[in-house]
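Undergrad: Before I ask anything, let me first share the structure, which is written out below as structure tokens.
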Amino acid sequence: MKTIALGSDHAGFSLKEFISSYLKENGYEIVDYGAFSEESVDYPYFARKVANAVAEHSADCGILFCGTGIGVSIAANKVKGIRAALVYNSETAALAKQHNDANIICLGARFIAPYYAQKIVESYLTATFEGGKHQKRLDKIEKDDE
Ligand code: RB5
């Protein structure tokens with residue numbers, strides 16, 4: 001069974017709850033790192049929790065939520081081994097996995113309706129990394145290479 005780490009700030013809280021229920025209903029194991037209410041909080045803390053869980057392999061992948069998805073993606077990508085992708089539709093969600101082997105996706109809760117967020121998550125979770133030339137490019141990111 002796939003274990004998925006979830007995290008949000010206050011702006012992403014409600015969408016996180018919605019996606020959490022959807023994933024549990026579909027047999028995924030969820031580790032929820034908060035936030036646990038709409039009280040204002042700072043997103044770097046939650047992004048780092050999820051990023052560390054994925055980097056340490058206590059979760060297979062992560063999904064982060066904030067108002068735009070931008071803040072959590074910037075914060076998560078500071079953690080070594082994390083490839084956090086800001087995605088905004090089903091196509092970019094699938095490509096984030098197929099081409100970038102994204103181990104976290106980031107969603108902007110103020111811009112994506114719950115129904116579409118569900119489709120985006122489904123698209124990411126069912127996609128497969130294509131390897132080959134894409135792996136070569138990921139290696140170049142790791143090596144800080146051209
Ligand atoms: C919170 O107001 C908002 O700034 C935050 O959720 C996020 O969008 C930051 O990137």
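Undergrad: Which numbered condition trips up residue 67, out of (1) surrounded by fewer than 24 Cβ atoms within 10 Å (Cβ to Cβ); (2) over 14 Å from residue 109 (Cβ atoms)?
TA: Status for residue 67: all satisfied but (2).
Undergrad: Okay, next question. Across region 1-32, which residue is farthest from the ligand (Cβ to nearest atom) among those that are closer than 15 Å to residue 105 by Cα and among the hydroxyl-bearing types (Ser, Thr, Tyr)?
TA: In this case the residue turns out to be 3.
Undergrad: Would you pick out the residues in region 52-103 that are assigned to a helix (DSSP H, G or I), touching a Ser or Thr at 6+ places or on another chain (Cβ under 9 Å) and within 19 Å of residue 10 (Cα to Cα)?
TA: Residue satisfying the conditions is 72 alone.
Undergrad: Hey, among the residues in region 33-48 that are open to solvent by 100 Å² or more (accessible area, probe 1.4 Å) and over 21 Å from residue 74 (Cα atoms), which one's farthest from the ligand (Cβ to nearest atom)?
TA: Within region 33-48, the match that is farthest from the ligand (Cβ to nearest atom) is 36.
Undergrad: Name the residues in region 49-69 that are at positive phi and more than 16 Å from the ligand (Cβ to nearest atom), would you?
TA: Hit for region 49-69 is 57, nothing else.
The values are calculated or read from the model by the stated rules, or taken from the named source; none is laboratory data. These figures come from a predicted structure and were not determined experimentally. Methodologically, a virtual Cβ is constructed for each residue, glycine included, from the backbone with ideal geometry; neighbour enumeration extends over all protein chains shown. In case anyone asks, the SASA skips ligands and DNA or RNA and just uses the protein heavy atoms, side chains included. Shrake-Rupley method; radii C 1.70, N 1.55, O 1.52, S 1.80 Å.
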